[in-house]
Structure formats: structure tokens, C-alpha cells
Amino acid sequence: MDITQILLAAQSPDANLRTVAESNLTQFQEQNLPNFLLSLSVELSNDEKPPESRRLAGIILKNSLDAKDSAKKELLTQQWVSVDPSIKSKIKESLLVTLGSSVHDARHTSSQVIAKVASIEIPRREWQDLIAKLLGNMTLPGASAPLKQATLEALGYVCEEISPQHLEQDQVNAVLTAVVQGMNQTELSPEVRLAAVKALYNALDFAESNFANEMERNYIMKVVCDTAVSKEVEIRQAAFECLVAIASTYYSHLDYYMQTIFNLTANAVKGDEEAVALQAVEFWSAICDEEIALQDEYEGSDDGNSTIHFRFIEKALPSLVPMLLETLLKQEEDQDQDDNVWNISMSGGTCLGLIARTVGDAIVPLVMPFVEANITKPDWHCREAATFAFGSILEGPSVEKLAPLVQSGLDFLLNTMNDSNSQVKDTTAWTLGRVFEILHSPAAANPIINNSNLPRIMAVLLESSKDVPNVAEKVCGAIYFLAQGYEDAESMSSVLTPYLPNIIAALLSAADRADTTHFRLRASAYEALNEIVRVSNVPETSGIIGQLLQEIMRRLNLTFDLHILSSGDKEKQSDLQALLCGVLQVIIQKLSSTDAKSIIAQTADQLMTLFLRVFACHSSTVHEEAMLAIGALAYATGPDFVKYMPNFFTYLEAGLQNYEEYQVCSISVGVVGDICRALEDKILPFCDRIMTVLLKDLSNSMLNRSVKPPIFSCFGDIALAIGENFEKYLPYAMPMLQGAAELLGTLDQSDDDMVDYGNQLRRGIFEAYSGILQGIKGPKAQLMIPYAIHLLQFTEAVFRDRSRDDSVTKAAVAVLGDLADTLGATSKDLFQTHLFHVEFLRECLDLDDEVRETASWAQGMINQVVVS
């Protein structure tokens, strides 16, 4: 097979040629992978070959070593590991040779592929001479600039792919030396210097001991700071990116350099290209992130003035805040039309917000003069900047400091919603939303929103919801936060009742607008509607919400008649159905938790018909929302829900088997729990199929791990619903629970995500045991005796583990109580031989009320058994 011709044909405009070529490549790959990879590497390294075939060879080679999907990546890794070492050696030699190619694309691709091979081999202690070979290129007499550039690029990519523990310190030192030399002004090629700065960025995580050494640190910092004033924009930008990374990684070493860095960032923000200025602002945002994290860490502890908290932001405030306020005046025309815009004014406002969170009240006197000086100027840039500055500093300072300013400025903001400039209105609506989100508290002694200003606020918001889409979207956000303020003070939400019909009409009208080319206004309107329903005071609003229910059902019904001519149409239909199912879920939950339950009972048949029709249009996002709404309906209708099960079960089963879209699977598991609570033993006819699918899910290595804890909880829900009928599932469910308990011992405790996952898994296991113990309590209780010792050993291991959170503690002590309650006197010896429970329950007395209550109940149950 002539690989060159096949690679060229695979890019042909002729579809027939392409198809044949692609199948030839697949065949070659499947029949002889080692030679396939070798042929690609030879193609990539041969300067005689056409650039097009070389480029594709490189891409296929890279995709043969790495994939985004973790299971696919693992498979590709195993395939590479099993290739004959002599062939692997030839491929790697080819790749290293390609770094000297005269063709840029070939060099660039080769440096990426080298890193992918390194990511597999270096952790396995293979290709140990790679770093030395790459560094050899840098010191080669007469090495060309392209070779040095590609080598530095490869070094950077390798550092990105592997972890610091995989390189020896002398290798790290050699890499840093080569990289820093490459950054030096004596290096004449700008391409080499740029590649060196980018490589340093990727190597910073490896430089911990170098940063701990003052002499080495001074040298690295000097070179980075010198590079930040290079004459090439791209190099300056990359140098500032390094400073941002250093701020995050080596904050504790920065004190000595801060004056220099302040001067560099100030000059960049004032006069450099935007790409460089953005990174200069980002440096200060990174410092804020570090200082906010330090304050959170030491909050309430005696070492609040810890030595590593330098308070850089506080010290720089008088110069830093004016510099950032100036950036707010550099808006782009029409930036309010683009949700993804990121420019110097947005970046400056974001940084101001972080500074407000870092220093609190101290920022207010520095920002307010700017606000007052600009808020009434004729130039819209000044008015918008003033409003943006005010909105940015609302989170951080105390309510006492801000409340007087907001109370005096609220009327002004409401008037500004009539500004002649759309961008000013957009920012004002966002600022109102922030005021409501952060400072609106109806139960406060002197609330921001009161009976005298609410009519005016409502009038302005309802009128502005008709403004251009981007302004209307922010107004919907403000309505959302206004309503949310009443969530914890629902009885006070009566003040909204007189406005409810008009708010609902305005939001539905905003959601309907024909000019909404962007989906966000519609989503924002329905989210605000959901919040209004959540906080409404039901006895007085059930009639209005009942009418809204009919209207949303009407709208959902109309979606089935939409003309679907393209995948775009299908997506629009799905998005709209998802939003409408979301509103229905909120209405069902609201009405079913009150005396207005009868409204749901009367419409349940229609609702269920609509949800089943939504499933028939299947798309995963709608599937999730419709599934959640059905869970709410099951709770609302209780045992009557059984009549829907025959038609619904097919979709539920499909959801439980949806491994690819694991969120759908997870929500479906939650709905099984809702249905168990609604139907109790009426769910029995469906349990064999549900348990079969759940057990398969647990055994499936492709299923996202986050779904597994809810599945265990679901075992508990099923057992509670069907009681002693759960006996037939014990031989299958219990080994799964015991296996999961053993898996917990192997999780990486240094990884925060793994610690969180471990806690979710523990809670799921305990909830399963609690449900099963309560379900089987009675004549068949002795069935649980064989599992009791393992359960106590597991509970003791969890008790000894300090990484458990309060929810796990509560679930664990509940299980101890359930074990005593279910097994009765039979468990006396068990509790007398596993005495850890005494210490465990005593410790719970210092925790929150819920844990304390559960622990005292469990203590009572165990005492009854032990004294029996």
C-alpha cells in the first residue's frame, strides 16, 4: 500500500475517493497496527513527501495515542504498550528526526506526538533518555533556529503531559536551564524565544525546589520580567501568562518581586496591546484568588495573620484600583450584544469584583468618587463604566457599608433603565440583579426593598422586560433574584402577590419574543418564572398558578406541531421542551406540597400524556427535564401513579440503561426512588427489571462513577418500598455493597475530588443498608445476620477515617441504630465486641442538631439491645 497516495486521497474533494482511502487506512490500522504507526512516522519525517500527507499522518498518529474519552485513552495506551519495542524505537527515532524538518507543520505535529508517547512511557520508567536527547538538540553546535524552536515546543508539551514526580530533579534543572537560555535576549530568533517562554509556562509545576532556592528563583524571575518587555507582542503576552501562573503556584515566594511586577503590569494596562494588558490584569485577579483562598483557610483561626498572607492587594489598593477603573472606560461598541466578549473593560471589572471580595469595605471609598464623577456624564462610556464599577464591588464589603449607598442610589439606577444607550441599560439591569442577589433581605431591620419602593421597582422591571433582548435577559435575571430573596421568608412573599399576574404575563411575553435569536432570553425568562412560582404564597396564589399550569401545558403541546426540517430545528424544539418541562416540575412541586394538591390530581393524566409525548421526541436534555417532572408527579399523586407505570416503564428502563449520557441515567435512578416512595409495594411487579438494570449498571466500567452512589441509595429505597420481598435480591445486592466498601480503601486520599467521591459512595452504601435493614425488619430479620459483621467493620473504618463529612457521619450512625432495631437481641454480642460505637456516638454530640438527634436515637436503640 502506498501510504502517501492513500493519505492524499483521504483529503480529496471527491467523496468516493475519500471513502475508499479512509477504509484502506482503517483496514491497515486494524490488520497491522505496529507497521501502520511506523509508516505514519516515516511519512511525517520525510521532507521529500507532500506537506498534506505529512500533516494527516501526524494527526492520525497523535489520535492513535490519545483520546478525550478516558476508556478509549486507556485502550490506546494498552495498544501502544504492546507494540514490539524495536518498532517503537524506530517510531520514536523518526519523531526526533522530524524536529529538524524544514516544514513547520511537520515539526509542530512531531513535538505533540513526542509528548503523547512520553505521557505513556515516562510514567512507566521507559524512554528515559528522551529529555537528554531533546536537550542535546539545544546545545548542538550550529543547531538551527527551527530545530531549537521545535525542541522547546516538545519539552513544553512533555511537561504538560506528565506529572512532576516523573522527572528527576537534575532533569528538571537541565530543562529549566535550556528554557531560560532560550528566553534570553541573546537568542536572536523570536520564534525560539516564544517557544521557550511557552515551555517555561508548562514547566513551572516542576520548578518547586528551584523556586525554593533564592538564587535560582531570582534568576528565573529576572528573565521572565525582562521578557515581559520584549519588542514582540506575542512574547510579552506569553511572559505575562507565566507571571499569572507564578502568582497562582508560587504566591509565597513573590514578596521581593512585587514592586517590579506592579510597574510592569501598570505599564502594560496603560499602553500595551490588549492581549498583553489582559494578562497583566489577570495577574492581579490571580493574586486575589490566592488571598481569598488564604482568608477562607484561616477564617476564625488564631493564625489569621499567617506569614504567607502578604496582603499584596491591600498594599497595592491606592494605585491598583485607579488603574483598573481606567480600564472600564475602554468598552467596545456593541459588546453587550455578545455574551462571550472578553476585553480589557470586562477583565478590569472582574478584577475589581475580586478585589472587593479580598479587601471588603476598603474598596468602597476608592470606587465611589469614580462612580459619582461619571454616572451623569453625557458620554455613555462614562455612565456605563460608573454603573459597572458600582455593580462589581457589591460582593465583599459589609451590608452596613453598602446599604446606605444602595438605598440612596436605587432610584437613580431605576431611572437609568430609561437611558438612551442600550449598553448602559444592559449594565444597569445587571447591577440591579446584583443588588437584589447580594443585598436584598426582606427579614433585615432596614430592607433594601420595602413597601414604598416595591411598586416603582416592579413598574420599571416589567416595562424593561420589553427592551432589546440582551437588556430584557438581564431584567429577567433581576426579577429572578428579587424573587429569590423571599425563599427563606416565604410568608413575606405576599408582597409580590398583587404583581403576580403582571410578572407572569411579562415573563411569558419575554419568552415568546420573535426577536430572540439568542436562546438566553427565553431561558432567563423561564428561570425567573420558576423562581416566582417557588416563592409564591400558595393559599392566595393557587388560582393564578393553576392558570399558569394550563398555559405551560398548552405551550408544551404546541411544541409537537413544530416543523422540524434540520438538526437545528430539532435542537430548538428540545431546548424549548426542556424549559417547559422544568416549569411544570416546579409548579407540580409547589402545588403538591400544599392544600392545592387537588389541582395536580385533576391534571395528572394530561401531564403524563404530555411527558410521554416528550420522550417520544427523544433527546437527552429533554429526557432529563421530563424525567425530573415525572419524579415530582409521582410524589404528588402517590399510589395513584401506578396506572402510568405500564406506559412509562419502557422510558424509565431506557433512562437507567443510558450509560453514554450518564446524567440521564443518574436522574432516572433518582426517579426510581421517587416512585418507590409514591407506590410503596405497588412497585413490586417492576422490581425484577429495575434491579437487573441497576446491578448491570454497577458492573459496567463505562458508566461514569458519579452514578454509582445514587444506585446504592436506590437499593435502600426499593427495600423500604417492598419490605421482606427484597429477600430475593440480597444475594446480588449485598456482594455489590461489600465490594464498593472494599474499593473505598483504594481511593487516592490526596485528591480532593476522590475524597468527595469517597464520601458520596459511603453515604450511598449506608443509605442502602439502612433501607434494607428497615425493609426486612420483622419475621425475616435473621436474613441480615450474615452481613452484620462486615457492616460493623465498614462502619468502624469510616469512623476512623477523618476525611468523612457530616452527611456520612449521620448516615453511619443511622445504620447502627437500624442494625440494633432490626436484629434486636440477636445483635447484642456484635455491639459488645465492636465497641467503637461508644466513642463514635459520643463524638456526634458535638456536631449539628440533625447528627445529634440521629445519634441519640441510635444510642437508645443500641442501649435497648445491650441491656436486654
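Within the range 128-146, the set of residues being of a type in the set (A, V, I, L, M, F, W, C) and part of a loop (DSSP other than H, G, I, E, B) comprises LEU140, ALA143.
For ARG311, the test of being surrounded by 20 or more Cβ atoms within 10 Å (Cβ to Cβ), over 19 Å from THR350 (Cβ atoms), touching an Asp or Glu at 6+ places or on another chain (Cβ under 8 Å) and among the basic types (Lys, Arg) is failed. In summary, SER12 fulfils each of the numbered conditions (1) assigned to a helix (DSSP H, G or I); (2) open to solvent by less than 40 Å² (accessible area, probe 1.4 Å); (3) among the hydroxyl-bearing types (Ser, Thr, Tyr); (4) more than 16 Å from ILE114 (Cα to Cα) with the single exception of condition (1).
The number of residues in the range 800-836 that are open to solvent by 20 Å² or more (accessible area, probe 1.4 Å), within 28 Å of MET754 (Cα to Cα) and among the polar types (S, T, N, Q) comes to 2.
Among residues of the range 369-388 being under 18 Å from TRP430 (Cα atoms) and aliphatic (A, V, I, L, M), the one that is surrounded by the most Cβ atoms within 10 Å (Cβ to Cβ) is ALA385.
Say we look at the range 426-457 and pick out the residues that are part of a helix (DSSP H, G or I) and open to solvent by 30 Å² or more (accessible area, probe 1.4 Å); which of these is nearest to ALA483 (Cα to Cα)? Selected residue: GLU437.
Each residue in the range 2-40 was checked for being farther than 20 Å from ASP84 by Cβ and of a type in the set (A, V, I, L, M), and 10 pass. Are any of the residues in the range 724-741 open to solvent by 40 Å² or more (accessible area, probe 1.4 Å), closer than 24 Å to HIS837 by Cβ and of a type in the set (Gly, Ala, Ser)? Within the range 724-741, not a single residue is open to solvent by 40 Å² or more (accessible area, probe 1.4 Å), closer than 24 Å to HIS837 by Cβ and of a type in the set (Gly, Ala, Ser). Apart from one condition, VAL113 fits all of (1) touching a Gly at 6+ places or on another chain (Cβ under 8 Å); (2) more than 30 Å from MET702 (Cα to Cα); (3) open to solvent by less than 20 Å² (accessible area, probe 1.4 Å); (4) among the aliphatic types (A, V, I, L, M); the exception is (2). Taken over the range 599-633, the criterion of being open to solvent by less than 60 Å² (accessible area, probe 1.4 Å) and not hydrophobic (A, V, I, L, M, F, W, C) is satisfied by THR603, SER619, SER620, HIS623, GLU624, GLU625, GLY631. Per this entry, GLU282 is counted among residues that are assigned by the TED database to the domain that holds LEU243, open to solvent by 40 Å² or more (accessible area, probe 1.4 Å) and over 21 Å from GLN423 (Cα atoms). Looking across the range 248-265, the residues that are open to solvent by 10 Å² or more (accessible area, probe 1.4 Å) and of a type in the set (A, V, I, L, M) come down to MET258, LEU264.
Residues that are farther than 20 Å from GLY716 by Cβ number at least 1 in the following helices (runs of 4 or more DSSP H) confined to the range 769-868: 785-800, 828-833, 836-844, 849-867. Figure legend. Inter-residue proximity from the range 634-658: first residues open to solvent by 80 Å² or more (accessible area, probe 1.4 Å), second residues of a type in the set (D, E, K, R) and modelled with pLDDT of 95 or more, beta-carbon distance below 6 Å, spacing 6+ or different chains. Indicated pairs: TYR635/ASP674.
The residues of the range 823-858 that are more than 25 Å from PRO786 (Cβ to Cβ) and charged (D, E, K, R), listed by number, are GLU839, ARG842, GLU843, ASP846, ASP848, ASP849, GLU850, ARG852, GLU853. Of the residues making up the range 291-314, just one is at pLDDT 95 or above and over 19 Å from SER392 (Cα atoms), namely PHE312. Here the condition is being open to solvent by 10 Å² or more (accessible area, probe 1.4 Å), out of contact with any strand residue (DSSP E or B) (no Cβ under 7 Å at 6 or more places or on another chain), modelled with pLDDT of 95 or more and closer than 24 Å to GLU274 by Cα; of LEU366, LEU354, it holds for LEU354 alone. Within the range 156-172, residues that are part of a helix (DSSP H, G or I) have Cβ atoms under 8 Å from residues that are of a type in the set (Asp, Glu) and modelled with pLDDT of 90 or more in these pairs: CYS159/ASP205; PRO164/ASP205; PRO164/GLU208, counting only partners at least 6 apart in sequence or on another chain. Of everything listed in (1) within 18 Å of GLY673 (Cβ to Cβ); (2) open to solvent by 10 Å² or more (accessible area, probe 1.4 Å); (3) at pLDDT 95 or above, the single unmet condition for LEU698 is (3).
The values are calculated or read from the model by the stated rules, or taken from the named source; none is laboratory data. Because the structure is a prediction, the values reported are computed rather than measured. As a convention, Cβ positions derive from the backbone with ideal geometry for all residues, glycine included, and neighbour counts pool all protein chains shown. Note: areas computed on protein heavy atoms with side chains; ligands, DNA, RNA excluded. Shrake-Rupley method; radii C 1.70, N 1.55, O 1.52, S 1.80 Å.
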